[in-house]
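Trainee: Structure provided below as structure tokens; questions to follow.
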Amino acid sequence: MTDYVKGELGLDHVLWAVPDLDAGATQFTEATGVTPGNGGSHAGFGTRNSLASLGDQIYFEIISVDTTQDRYRERAQRIGELKTPEMHTFGVRGEDLEAYRDAARGLGLNASDPVGMSRMRADGVKIQWQSIYIDDPVWGDMIPFLIDWMGSQHPCETTPTGLEFVSFAVLHPKADELTEIYRSLGVRVPVRRSVSPGFMLEMDTPKGRILMV
């Protein structure tokens, strides 16, 4: 059973940040029995990724620094400082980017204008999307970015299968406060009280059910 309510701003994908993409993909394969597929580079942002489908319009993204690029955005800089992999953040899916931006700014959060991005898939198909990113000194990556795929084929349909989404939750000591922020933004993902901030993904794999935290 899924642990969130599907809707306009339901879960789109979960990001696992790793110091080295190849090593991270190998670690993921050994743990799950599924080898992620090459996603591609985010030109101008300093990152690249590998992907695996979680089924039902959700996917798992392994993200790392792309050392072939000479321009790094803030996320790439932070990932580049990692010593070990971490559950990094998550994205929710929707089409009204300006409404999400305005709602976030109304809460005092620093929200970007729509940011256009693209990457070339391994099969030569270019996919494009737009996102709203939140940069907040208090909540950090606990506030998800919003993504609009703009008609591009969703990555869950073109990446390796074999995994099945079970549940996802955000973990935070101030769970009630963060839940209210999500409610104001329309984010339909649960928050659970914990000692420290983080994320918890549960999925079924060829090697059995596993948790990533």
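The values are calculated or read from the model by the stated rules, or taken from the named source; none is laboratory data. The model shown is predicted, which means the values in this text are computed figures rather than measured ones. Neighbour counts are summed over all protein chains in view; Cβ atoms, including those assigned to glycine, are modelled from backbone coordinates with ideal geometry. Note: accessible area is taken over every heavy atom of the protein model, side chains too, but ligands, DNA and RNA are not part of it. Shrake-Rupley method; radii C 1.70, N 1.55, O 1.52, S 1.80 Å.
Trainee: Let a ≥ b ≥ c be the square roots of the eigenvalues of the Cα gyration tensor of region 154-213; is it rounded (a/c under 1.5), or, if not, prolate (a/b larger than b/c) or oblate? It would help to have the intermediate numbers written out before the result.
Mentor: Working: a/c = 3.65, a/b = 1.68, b/c = 2.18.
Oblate shape, in that a/c is at least 1.5 and b/c is the bigger or equal ratio.
Trainee: How much accessible surface does Glu157 have with a 1.4 Å probe, in Å² rounded to 10?
Mentor: 100
Trainee: Only four residue types carry charge here, +1 at the Cβ of Lys and Arg and -1 at the Cβ of Asp and Glu. Report the dipole size of region 71-158 about the Cα centre in Debye, rounded to the nearest 20. Walk me through the intermediate numbers first.
Mentor: Working: 11 positive and 14 negative charges, 80 e Å.
With Lys and Arg at +1 and Asp and Glu at -1, about 380 debye.
Trainee: When only C-alpha pairs under 8 Å and at least 6 residues apart count, what is the relative contact order of region 11-147, in percent? The partial results should precede the final answer.
Mentor: Numbers: 281 pairs, mean separation 35.3, N = 137.
Taking the mean separation of contacting Cα pairs over the length of region 11-147, I get 26 percent.
Trainee: Order Glu86, Glu177, most accessible first, counting only protein heavy atoms with a 1.4 angstrom probe. Numbers along the way, then the final one.
Mentor: Working: Glu86 65, Glu177 100 Å².
Final ranking, largest accessible area leading: Glu177, Glu86.
Trainee: Which order do Ile210, Ile58 take by accessible area at a 1.4 Å probe, largest first? Each step should come with its number before you reach the end.
Mentor: Details: Ile210 35, Ile58 5 Å².
Order by accessible area, largest first: Ile210, Ile58.
Trainee: To continue, here is another question. Give the aspartates and glutamates reachable from Lys174 as a straight Cα distance under 18 Å; neighbours fewer than 8 places away on the same chain don't count.
Mentor: Asp136, Asp141
Trainee: Follow-up. Would you look at the GNM of the chain, springs on alpha carbons closer than 10 Å, and say which of Thr67, Thr161, Thr32 moves the most?
Mentor: Thr67
Trainee: Rule-of-thumb check for region 1-93: C-alpha Rg over 2.2 N^0.38 Å?
Mentor: Working: Rg = 13.6 Å, N = 93, 2.2 N^0.38 = 12.3 Å.
Expressed relative to 2.2 N^0.38 Å, the Cα Rg reads 1.11.
Trainee: Rounded, prolate or oblate, given the Cα gyration tensor of the chain, with a/c below 1.5 counting as rounded? Walk me through the numbers on the way to the answer.
Mentor: Numbers: a/c = 1.37, a/b = 1.15, b/c = 1.19.
Taking the square roots of the gyration eigenvalues as a ≥ b ≥ c, the chain is rounded.
Trainee: Between Leu54, Leu15, Leu82, find the one with the highest GNM mean-square fluctuation for the chain; connect C-alpha pairs within less than 10 Å.
Mentor: Leu82
Trainee: If one computes the Cα centroid of region 4-69 and of region 179-200, what distance in Å separates the two points?
Mentor: Answer, in whole Å: 21.
Trainee: At a probe size of 1.4 Å, how large is the accessible area of Lys174, to the nearest 10 Å²?
Mentor: The accessible area of Lys174 comes to roughly 120 Å².
Trainee: Also, quick follow-up: Can you classify region 107-177 as rounded, prolate or oblate using the Cα gyration tensor, where a ≥ b ≥ c are the square roots of its eigenvalues, rounded means a/c under 1.5, and otherwise it's prolate if a/b beats b/c and oblate if not?
Mentor: On the way: a/c = 3.37, a/b = 1.44, b/c = 2.34.
Judged from the Cα gyration tensor, region 107-177 comes out oblate (a/c at least 1.5, b/c at or above a/b).
Trainee: Percent of accessible area on region 144-198 owned by carbon and sulfur, 1.4 Å probe? Intermediate values should be presented prior to the final figure.
Mentor: Numbers: 1230 of 2560 Å².
About 48 percent, which is the carbon plus sulfur part of the accessible surface.
Trainee: Ignoring ligands, DNA and RNA, how do Met87, Met150 rank by accessible area with a 1.4 Å probe, largest first? Intermediate results must be reported in sequence, preceding the final value.
Mentor: Working: Met87 20, Met150 105 Å².
Reading off the accessible areas and sorting them downward yields Met150, Met87.
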